[in-house]
Amino acid sequence: MKAFFGLITGLTFLVSSYSCAQKIKVACIGNSVTAGYLLAKPQQESYPAQLQQLLGNRYLVGNFGHNGATLLKKGHNPYFKTKEFNEALNFCADMAIIHLGLNDTDPRNWPNYKGDFQADYQWLIDSLKKVNPKLKIYICKLSPIFSGHPRFKSGTRDWYWQIQDKIELVAKVNGFELIDLNTTLNNRPELFADNLHPDVKGAGIIAKTVYGHVTGNFGGFKLNTLFTEHMVLQRDQPIPIYGTANAGDLIEVQFNHITQRVITDRRGKWKVFFKPMKFGGPYALKVKADQHTVLIKDVMIGDVWLCSGQSNMAFPLKSSVTAQATLSHLNKNLSIRLLKYNLLAETDNINWEEKTLNQVNELNYFYGTWAKPDENTVSNFSAVAYYFGEKVVSSTQIPIGLIQMAVGGSTLESWMDRKTLEHDDLLVDLLANWRKSDFMQDWARGRADVNLKNAVNPKQRHPYEPAYNYEAGISNLIGFPIKGVIWYQGESNAHNVELYYHEFPLLVKSWREKWNYNFPFYYVQLSSIDRPSWPYFRDAQRKLQAVVPNSGMAVSSDLGDSLNVHPTHKKEIGERLALLALKNTYHKNISASGPVTIKAVRKHNTIVVNFSHARKLMSSDDSDLKGFEVVDDKGKHFPVKATIFNNEVHLIVPAQLKIKQVLYAWQAFTKANLINEAKLPASTFSISIN
C-alpha cells in the first residue's frame, strides 16, 4: 500500500510539474490603469492581479503596465521605451491584452502626432508577434475618462473618441477581438476618484470583462429580464429576442411557430430577430440553450408605450379622484399589460442606509416584471399612464403595453445619457458638480443631501444626478422596440426655464437616436400652483412643440391645485395624452388640442385674439372668460375683460395704453377657463400684438 501511495504521489508531482510548465501566459500591456496606480496594493488589487485570481493556476498573468505611457512613439512617454515593454517581450506570452491610448489624449501628444497612432499601434503588435507568431492579441477600447478630469473640455473629451475609433480600426484590420472597457465602466463614475483611475472594484470589473473574453465564460445562459409572461412586443417592427450566454453557445428561440437559432458571440451576447407581425395574441415564446429551457406564455403583439418622468407620472391610480369608480368596474380582460419599475428606495426625506447606498451605486435601482391588469396592479400603477392606455385600447382594439419608469422629484438631466451631457458645453460641468450647481434646483440638491447623508464616497450616486436614471433604467430598455413615449416631468426644473428649453429637445433627440426611431413624444404641461416661475415654464413647454418634431402637449393647468404639486385629476390628463396619440399616431379624425392662439391684433380699443383648433370657443363653466391680461410698453400688467365674439376673443383696453403683449393663464395658480367644442383647455400663452 505504501508503494502504491508513493507511486500516486510521484505521478501527481509529475502532472503538477508538467501543468506548471504548460501554463498559459497572459501579458497585460498598458499604462497606469493596468499598473494599478492609486491602488493601495497594486500587486494584489490591479486588474492583472485580479485576472490571475479569476483564471487560476492554469494561467500566468504578467502586469506590464507603465504609469503615464503613451502608445504614440513620439508621445511624451512612449511605451516602447519603457522597461515594461522589454519585459513583456521577454515574457514570451501566449496572449496579450493591450490597453493603451489614455495618455495619448494629452495635448502634448494627440494634436501633434495623431496621424501616427494606427501605424504605431501596428508596430507594437508586430514587435510582439516577432517573439511569438502564434500570440493571441486582444485590443481594448479605452476605459473612461470622466468629465471631472482637468483637461476634459480642453481636448480630451473629443480626442478620446477619435482614439477609440482608431483602436477599433486596428482591431478590425488585424482581425483581433475587441474588449470594450468603456461600456462596462462609463456608467460607474463613483469608482474613479480622480476621473481616470479605477478603484479596486473598478479594476475588478476590468478583470472580469477580460476574463470573459479570454475564457468565453460570461456566466451562462440568461434571457433579458424584459422577456416575461404577459409582456407586449411591438407590432409592425422586427421583433428582437436577446440575452447573454457563454461564447459559442447555441441558442434556439421558438415564437409563433417559427424557430430561430443563433450562436453566442465572443462578447457573450446573442440576439435573434423575427419578422414584423400584426397585433394579436396571446402567443408562447420558448428559448432553449443546453440544459436550459424557458417557456413564456401570454405574449401579446401590440404597441408598447414608455411612460416616464417624475412624481406626477409615478402618481398611483389608487390616489386619484377616479380610483374607486375605476377599480370597482375594472375590466380585467382589457388588452393592457403593465410593466411597473419599482424603486429600490424612494427619494423621501430620509437618510439612506449603507446597503441602499451601495445598491444605488451598483445601478440596481429599478426592478419589475410584466403583469396583467387586476385591482392590485392597476391600483399601484401610474394613473396617467393607465388612463392613457385604457383610452387607446378602447379606441383601437390594439393590445397596449405600458412601461412605467418614473422617479419622484427626478430632474430632466437624470434621464439624459452621459455622452449627450458630456458633449454639451452648457451641461458638461453638471456631471461632476451637480450637488453644488445652481443649474440644479435647490430643492433637488437638498433632498439628495438628505438621502446621501451617510455616504462615505464623495461620488455617491443618486437618482437626481445627471445621467443616473438613464444609466440605471432607460439604458436597459434600449433595443426593446417601443411605439412612443408619454412624459410628465418638469417640476424639478421649473426654476430655470431657459435651461429646460435647451435640454428638453436634447433629451428627445438622444432617446430617438438610441432607439434609432423617430417615435412620437407626448408630454404633459405643468399644472397650476402658487409657484411664481410656473407660468413662464408652461409657456416654454408650449413653444417646445414647434421645436421638437413629432411631439404634442397635453394641458393640465385647469386641473391644478394651488398648494399641492400632485393634483389628483389624473384621468383627464391621461385621456388628453391619449387624444394626441389617437389623432397623430393612430390617425383618428378627432380633436386632440384645445384652442391654440394664432395672432393678436389691436383695432382701436379692442384687441382681437384668433385661435386655431377651435370651431367653437367657450368658457368651461359657462361664466365670463377668465385669465386674460395685457402688458404695456412699460412692462405693466393689466387684467382685462374678455368676451367671445364671432369665435374670437375680444379684449377691451384703455385707449391711452400702448399694449405690447397679451398673456393668458399667466397666474401661477390660474382659473383661466377658455376651452373649445371638444372641452379641451387652452394653454398658458404669451403673444405679441401684430
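The values are calculated or read from the model by the stated rules, or taken from the named source; none is laboratory data. Small disclaimer: the values here were computed from a predicted structure and weren't measured. Every residue, glycine as well, gets a Cβ built from its backbone with ideal geometry; the counts of neighbours run over all protein chains shown.
For this structure, a couple of remarks:
- Any hit, segment 212-220, residues being among the small types (Gly, Ala, Ser) and surrounded by 19 or more Cβ atoms within 10 Å (Cβ to Cβ): yes
- Boolean, ILE167 is assigned to a helix (DSSP H, G or I), crowded, with 20+ Cβ neighbours inside 10 Å and either modelled with pLDDT of 95 or more or in the same structural domain as PRO198 (by TED's automatic domain parsing) (or both): yes
- The one condition in (1) of a type outside the set (Val, Ile, Thr); (2) surrounded by fewer than 24 Cβ atoms within 10 Å (Cβ to Cβ); (3) at pLDDT 95 or above; (4) under 23 Å from the mean Cα position of the chain (by Cα) that TYR468 fails to fulfil: (2)
- Applying the condition of being in contact (Cβ under 8 Å) with a residue 24 or more places away in the chain and among the β-branched types (Val, Ile, Thr) to segment 346-386 and asking which residue is farthest from ASN333 (Cα to Cα) yields ILE350.
- Test: residue in segment 174-189 that is of a type in the set (Gly, Ala, Ser), in a loop (DSSP other than H, G, I, E, B), touching a residue at least 24 places away in the same chain (Cβ under 8 Å) and surrounded by fewer than 17 Cβ atoms within 10 Å (Cβ to Cβ): no
- Those residues of segment 86-104 which are in contact with a strand residue (DSSP E or B) (Cβ under 7 Å, 6 or more places away or on another chain) and more than 17 Å from PHE117 (Cα to Cα), in sequence order: GLU87, ALA88, PHE91, CYS92, ALA93, ASP94, MET95, ALA96, ILE97
- Complete set of residues in segment 119-128 that are farther than 14 Å from LYS25 by Cα and either surrounded by 15 or more Cβ atoms within 10 Å (Cβ to Cβ) or without any contact (Cβ under 8 Å) to a residue 40 or more places away in the chain (or both): ALA119, ASP120, TYR121, LEU124, ILE125, ASP126
The rows are residues; the columns are (1) in a loop (DSSP other than H, G, I, E, B); (2) modelled with pLDDT of 95 or more; (3) not acidic (Asp, Glu).
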position: ASP194; (1), (2), (3): yes, yes, no
position: ALA203; (1), (2), (3): no, yes, yes
position: VAL210; (1), (2), (3): no, yes, yes
position: HIS213; (1), (2), (3): no, yes, yes
position: THR225; (1), (2), (3): yes, yes, yes
position: GLU229; (1), (2), (3): yes, yes, no
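- Helices (runs of 4 or more DSSP H) contained entirely in segment 378-455, each with at least 2 residues that are modelled with pLDDT of 95 or more, charged (D, E, K, R) and surrounded by fewer than 17 Cβ atoms within 10 Å (Cβ to Cβ): 442-451
- Strands (runs of 3 or more DSSP E) contained in segment 239-314 and holding at least 2 residues closer than 30 Å to LEU526 by Cα: 292-309
- Some residue of segment 508-520 being over 30 Å from VAL360 (Cβ atoms), touching a helix residue (DSSP H, G or I) at 6+ places or on another chain (Cβ under 8 Å) and of a type outside the set (Asp, Glu): yes
- Criterion (in contact with a strand residue (DSSP E or B) (Cβ under 8 Å, 6 or more places away or on another chain), of a type in the set (Ser, Thr, Tyr) and touching a residue at least 24 places away in the same chain (Cβ under 8 Å)) met by exactly one of THR259, THR209, THR225, THR215: THR209
- Unique match (being of a type outside the set (D, E, K, R) and not in a helix (DSSP H, G or I)) among TYR500, TYR523: TYR523
- Test: residue in segment 529-538 that is out of contact with any helix residue (DSSP H, G or I) (no Cβ under 8 Å at 6 or more places or on another chain), hydrophobic (A, V, I, L, M, F, W, C), touching a residue at least 12 places away in the same chain (Cβ under 8 Å) and in a loop (DSSP other than H, G, I, E, B): yes
- The lone exception for SER593 - which of (1) part of a helix (DSSP H, G or I); (2) buried (at least 23 other Cβ atoms within 10 Å of the Cβ) it fails: (1)
- GLN397 being under 29 Å from LEU191 (Cα atoms), touching a residue at least 12 places away in the same chain (Cβ under 8 Å) and out of contact with any helix residue (DSSP H, G or I) (no Cβ under 9 Å at 6 or more places or on another chain): no
- Flag for LEU330 being free of Cβ contacts under 8 Å to residues at least 12 places away in the same chain and either hydrophobic (A, V, I, L, M, F, W, C) or surrounded by 14 or more Cβ atoms within 10 Å (Cβ to Cβ) (or both): no
- Among the residues of segment 316-358, those that are within 28 Å of the chain's Cα centre (by Cα), outside any helix (DSSP H, G or I) and basic (Lys, Arg) comprise ARG337, LYS340.
- If you check SER612, SER619 for being within 42 Å of the chain's Cα centre (by Cα), exposed (fewer than 13 other Cβ atoms within 10 Å of the Cβ) and assigned by TED's automatic domain parsing to the domain that holds VAL662, only one passes: SER612.
- Any hit, segment 62-83, residues being assigned by TED's automatic domain parsing to the domain that holds PHE176, in a helix (DSSP H, G or I), modelled with pLDDT of 95 or more and crowded, with 21+ Cβ neighbours inside 10 Å: yes
- Any hit, segment 237-248, residues being more than 27 Å from the chain's Cα centre (by Cα) and either over 19 Å from ILE478 (Cβ atoms) or among the hydroxyl-bearing types (Ser, Thr, Tyr) (or both): yes
- Exclusive hit being surrounded by fewer than 15 Cβ atoms within 10 Å (Cβ to Cβ), over 22 Å from ALA592 (Cβ atoms) and either under 22 Å from the mean Cα position of the chain (by Cα) or not aromatic (Phe, Trp, Tyr) (or both), set ASP374, ASP298: ASP374
- Subset tally (residues that are in contact with a strand residue (DSSP E or B) (Cβ under 8 Å, 6 or more places away or on another chain) and either assigned to a helix (DSSP H, G or I) or touching a residue at least 60 places away in the same chain (Cβ under 8 Å) (or both)) for segment 44-58: 7
- Residue check, LEU651 touching a helix residue (DSSP H, G or I) at 6+ places or on another chain (Cβ under 9 Å), outside the structural domain of VAL524 (by TED's automatic domain parsing), of a type in the set (A, V, I, L, M, F, W, C) and part of a strand (DSSP E or B): no
- A single entry from SER147, SER143 fulfils the requirement of being hydroxyl-bearing (Ser, Thr, Tyr), assigned by TED's automatic domain parsing to the domain that holds GLY68 and more than 28 Å from ALA119 (Cα to Cα): SER147.
- Selection status of ILE251, surrounded by fewer than 20 Cβ atoms within 10 Å (Cβ to Cβ) and out of contact with any Leu (no Cβ under 7 Å at 6 or more places or on another chain): no
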